[in-house]
Amino acid sequence: MEHLFGQDWEIVPAGGATGAAYFAQHEEQRLFLKRNSSPFLAVLSAEGIVPKLVWTKRLENGDVITAQQWMNGRELKPGDMNNDRVAKLLKKIHASDPLLGMLTRLGKSPLQPEMILTALNNDLDDDILSKPVVKKAMEFLAENARRVDCAEKVVCHCDVNHNNWLLTENNQLYLIDWDGAMIADPAIDLGLLLYSYIPFEEWESWLEKYGLKLTEDLKQRMKWYVYSQALSSIQWHKNQDRLAEMEKWVDFLKNLVE
């Protein structure tokens with residue numbers, strides 16, 4: 001990474017799960033660097049959904065480095081998720097033909113409920129499956145998988161928690177960290193956001209800002225995907241030995257199921 005820049009640049013790891021992200025700074029120039037980002041990043045930048053892509057370079061070893069504007073700002077707080085701008089940016093993402101076209105060209109197939117159910121059956125270990133709340137949730141998913149399939153498939157971020165929303169000093173809102181993006185039912189994003197941050201009595205008004213009516217069909221689809229996401233998160237945190245986080249997701253699921 002260092003040989004892309006002169007010695008005057010300071011380059012430090014940016015943290016994150018993959019260890020492939022860095023901050024680079026030289027005087028007033030500041031960049032966010034990432035190794036082997038998806039070509040999807042260019043379309044996200046062009047659509048104004050992530051900070052601007054400055055350049056892309058291929059290294060001799062075949063790795064691709066992308067540089068984005070490094071924006072000063074802050075993550076959204078849980079209470080910020082009721083802001084009109086969150087609903088409107090999520091709608092812009094879900095309605096974007098360029099995003100959908102690029103993910104399709106990259107070989108992403110639309111995610112179907114039965115594919116998620118199969119993956120959970122394969123991934124959940126016996127210890128997790130033995131929990132009564134998990135058994136109940138899996139029964140609900142199995143009974144309703146065919147009922148919740150929706151013809152509308154859009155680009156979904158799939159991890160819309162408040163930590164992935166960046167509000168910059170100049171009041172620009174971005175949604176970052178697109179590694180898990182899928183083509184899927186928009187209820188995947190809507191459900192987790194509403195269940196996690198918005199009181200039930202405000203769902204209707206939040207969805208109005210987004211441009212959708214709260215129907216029984218949408219409620220059922222959101223519930224289905226939130227169950228599945230909670231189960232995936234329980235297993236993922238267990239695999240990472242992050243047991244306190246795992247228990248938070250178990251409690252979250254209990255509140256849903258009971």
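Counting the residues of the stretch 49-79 that are under 17 Å from Asn163 (Cα atoms) and not in a strand (DSSP E or B) gives 10.
Matching residues to (1) among the acidic types (Asp, Glu); (2) touching a Pro at 6+ places or on another chain (Cβ under 6 Å); (3) crowded, with 19+ Cβ neighbours inside 10 Å; (4) in a loop (DSSP other than H, G, I, E, B):
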{"residue": "Ser205", "(1), (2), (3), (4)": "no, no, no, no"}
{"residue": "Leu212", "(1), (2), (3), (4)": "no, no, no, yes"}
{"residue": "Met222", "(1), (2), (3), (4)": "no, no, yes, no"}
{"residue": "Leu231", "(1), (2), (3), (4)": "no, no, yes, no"}
{"residue": "Ile234", "(1), (2), (3), (4)": "no, no, yes, no"}
{"residue": "Ala244", "(1), (2), (3), (4)": "no, no, no, no"}
{"residue": "Lys254", "(1), (2), (3), (4)": "no, no, no, no"}
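Read the figures in this text as sums done on the coordinates, not as results from a lab. All values reported here derive from a predicted model rather than from experimental measurement. When we count neighbours, we look across all protein chains shown, and the Cβ atoms used for this are built from the backbone with ideal geometry, even at glycine.
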